[in-house]
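See below for the structure under consideration.
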Amino acid sequence: MLENNKFISLVVPVLNEEEAVPGFLEAIAKAISDPGISYEIVFVDDGSTDATADIIRAQTLKQTNIRMVRLSRNFGKEAALTAGMDVAQGDAVIPIDVDLQDPPELIMEFIRLWREGYDVVYGQRVERDADSRTKRRSAGIFYNLFNKLSAQKIEPNVGDFRLMSRPVVDATLQMRERNRFMKGLFAWVGFTSIAVPYTRPARFAGQTKFNYWKLWNFAIDGVTSFSTVPLRIWTYLGLIVALAAMVYTFVILIQTFAFGREVPGYASLMVVVLTLGAVQLTSLGIIGEYLGRLYLEVKQRPVYIVREMTGFQKPGQNVDTTSFPSSTKQGAADGSHSR
Ligand code: UDP
Ligand code: MG
C-alpha cells in the first residue's frame with residue numbers, strides 16, 4: 001500500500017478545444033470527488049488558434065490546481081504530452097484527452113490499482129463503437145503489423161490514457177528522441193501493469209484532430225521508431241532476386257547453346273527491368289524513411305518550445321519556472337519533483 005502517494009497530475013494536450021475545456025473541467029471535478037486525493041491539471045496548449053488558451057488562463061485564476069504550458073506552435077500530441085509530463089509534479093501522472101473520450105470516471109479505479117502496487121494502469125478499449133469501421137479495421141491491422149515487426153509489443157486498443165507512477169514517468173522522460181511514439185515509449189519502459197477495460201464513447205464536443213493521412217504518418221512513425229525489420233526485408237528480397245537471376249541466366253545459357261540465339265524476348269526483358277526497378281525504388285524509399293528520421297535525431301532540436309507557463313507559481317508549489325525553456329529539458333528526470 002502506498003498510502004502517502006496521493007498527488008496526481010492530469011496531463012491534457014489541447015489543440016483548438018475551446019468547446020471542450022469547460023465540460024472537461026466539470027467532469028473531472030465530479031470524477032475526483034475524494035477529498036483525500038489532491039491533483040493538478042496540466043493543460044498543454046499545442047498551438048491553438050482559437051480561444052482555448054484564454055479560457056484555460058482564466059480558469060487558472062479560479063482554480064489553483066490548474067496550470068497551462070503553452071507551446072509556441074503546434075508540435076503534435078506526442079510532443080505536447082512530453083511537455084506536460086516534463087512539468088507534472090504528481091506521484092502519478094495520467095495523460096487524458098480533453099474530449100471525454102477517455103472517461104474521467106476511470107481515474108479513481110486507476111488510482112485504486114496504483115495503490116495496490118501497479119506502476120502502470122492503462123485503459124483498454126473493449127469496443128470502439130464510436131469509431132468508424134474503417135478506423136477500427138485500420139487500427140487492428142496496425143496493431144498486428146506493429147507487434148509482428150517490433151520486439152517491443154504494445155497492447156492492442158490501448159491509447160495514451162493510463163496512470164503511470166513517478167518511476168515510470170521518469171524512465172519515459174529519459175528518452176528524448178524526437179520521433180516520439182508515446183504508446184511505444186510507455187510500453188518500452190516496462191514495470192508492472194494492469195488493464196482496465198472500458199468502452200470508448202464519442203467525442204462530446206469539437207472535432208477530431210486526426211485525419212487518415214495523419215494517422216497513416218503516425219503509423220509509419222510508430223513502426224520505424226521501434227523496428228528495423230522493414231530495412232532488413234530488402235536484404236532477403238535482394239538475395240531471392242539474385243538467386244532467381246542466377247537460375248534464369250543458367251537457363252538462357254543452356255537455351256543459347258542448344259538452340260542458338262533467340263531474338264524475341266522483349267516481353268520478358270521489360271518485365272524484369274520494370275520489376276527490379278520497382279523493387280529498387282521501394283527499397284530506396286524505405287531506407288530514405290529511416291535516413292530522414294536519423295537526420296532529424298542527429299540535429300538534436302528540442303522536442304518542443306514553450307511560449308508561456310501559467311498557473312505554476314502557487315503557494316506551496318515550488319516549481320522553478322525559470323528552468324523551463326525547453327532546451328534545458330534533457331535531464332527532466334533529475335528528481336526535482338520530489339515532494
Ligand atoms: N491534440 C493535440 N495536438 C494535436 C492533435 C490533437 O494536443 O496536434 C489533442 C486534442 O486536443 C485532444 C487529444 O489530443 O485533447 C486527442 O485528439 P483527438 O480527440 O482529435 O483524437 P482522436 O480521439 O480523434 O484520436
Ligand atoms: Mg478524441
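Only the coordinates and a few stated rules stand behind these numbers; no lab work does. Because the structure is a prediction, the values reported are computed rather than measured. We place every Cβ from the backbone using ideal geometry, glycine too, and count neighbours over all the protein chains shown.
Please say if segment 93-221 is rounded, prolate or oblate, where rounded means a/c under 1.5 for a ≥ b ≥ c the square roots of the C-alpha gyration tensor eigenvalues, and otherwise the choice is prolate for a/b larger than b/c and oblate otherwise?
Numbers: a/c = 1.64, a/b = 1.16, b/c = 1.42.
It is oblate, given that a/c is not under 1.5 and a/b is not larger than b/c.
On C-alpha positions alone, give me the angle between the axis of helix 266-298 and the longest principal axis of the chain, in degrees, nearest 10.
Around 30 degrees separate the two axes.
Name the shape class, rounded, prolate or oblate, that the alpha-carbon gyration tensor gives for segment 137-199, where a ≥ b ≥ c are the square roots of its eigenvalues, rounded holds for a/c under 1.5, and otherwise prolate holds if a/b is larger than b/c and oblate otherwise.
Taking the square roots of the gyration eigenvalues as a ≥ b ≥ c, segment 137-199 is oblate.
Around Arg70, what is the net charge, scoring Lys/Arg as +1 and Asp/Glu as -1 over all other residues with Cβ under 11 Å from its Cβ? Intermediate values should be presented prior to the final figure.
Working: positive: Arg57, Arg67, Arg73, Arg307; negative: Asp45, Asp46, Asp54, Glu308.
Cβ neighbours under 11 Å give a net charge of 0.
How far is helix 229-259 tilted, in degrees, relative to the longest principal axis of the Cα atoms in the chain, given as a value from 0 to 90 rounded to the nearest 10?
10 degrees
If you plug each phi of segment 77-84 into the Karplus form 6.51 cos²θ - 1.76 cosθ + 1.60 with θ = phi - 60°, what whole-Hz ³J(HN,Hα) values come out, in order, with x for Gly and Pro?
Coupling constants for segment 77-84: 4, 5, 5, 5, 4, 4, 4, x Hz.
Looking at the chain only, what percent of DSSP beta bridges run antiparallel? Nearest 5 please.
30 percent
To the nearest 10 degrees, how steep is helix 52-62 against the longest Cα principal axis of the chain, on a 0 to 90 scale?
In the chain, helix 52-62 runs at an angle near 30 degrees to the longest axis.
With a ≥ b ≥ c the root eigenvalues of the C-alpha gyration tensor of segment 73-124, is it rounded (a/c under 1.5), prolate (a/b larger than b/c) or oblate? Don't skip to the answer; put the middle values down first.
On the way: a/c = 2.66, a/b = 1.54, b/c = 1.73.
The shape class here is oblate.
Ordered by residue, what ³J(HN,Hα) values in Hz, to whole numbers, does segment 19-31 give under the Karplus form 6.51 cos²θ - 1.76 cosθ + 1.60, where θ = phi - 60° and Gly and Pro are x?
6, 8, 4, x, x, 5, 4, 4, 4, 5, 4, 6, 6
What three numbers, in Å, describe the spread of the alpha carbons of segment 14-94 along their principal axes, ordered from the longest?
Largest to smallest, the principal-axis extents are 37, 25, 19 Å.
Compute the FRET efficiency between Thr228 and Asp50 as 1/(1 + (r/R0)^6), taking r as their Cβ-Cβ distance and R0 = 56 Å, and round to the nearest 0.05.
0.85
Of Lys214/Lys299; Lys30/Lys135; Lys77/Lys183; Lys30/Lys62, which pairs sit farther than 20 Å apart, going by alpha carbon to alpha carbon? Kindly include the intermediate steps, with their values, before the conclusion.
Working: Lys214/Lys299 23 Å; Lys30/Lys135 31 Å; Lys77/Lys183 12 Å; Lys30/Lys62 17 Å.
Going by Cα-Cα distance, Lys214/Lys299; Lys30/Lys135 fall outside the 20 Å limit.
Quick one: length gained pulling Ile220 to Glu127 fully straight, 0.36 nm per residue minus the C-alpha distance?
Answer, rounded to one decimal: 31.0 nm.
I need the trypsin sites (Lys or Arg not before Pro) found in segment 24-116, filtered to DSSP loop residues with at most 10 other beta carbons within 10 Å of theirs.
Those satisfying the criteria are Arg73.
Rounded to the nearest 0.05, what FRET efficiency do Phe204 and Glu155 have when you use their Cβ-Cβ distance and R0 = 22 Å?
0.30
Can you give the calculated 222 nm mean residue ellipticity of the chain, where each DSSP H run of n ≥ 4 adds -39,500 (n - 2.57) and the sum is split over every residue, rounded to the nearest 500 deg cm²/dmol?
Details: 10 runs with 153 residues, N = 339.
So the helix-based figure for the chain works out to -15000 deg cm²/dmol.
With the crude spin-label approximation of a point 7 Å out along Cα→Cβ, what separation in nm comes out for Thr249 versus Asn144?
Roughly 3.9 nm, to one decimal.
Taking 7 Å along the Cα-to-C-beta vector as the label spot, tell me the Ser38-Arg307 distance in nanometres, rounded to one decimal.
The answer from the label model is 3.2 nm.
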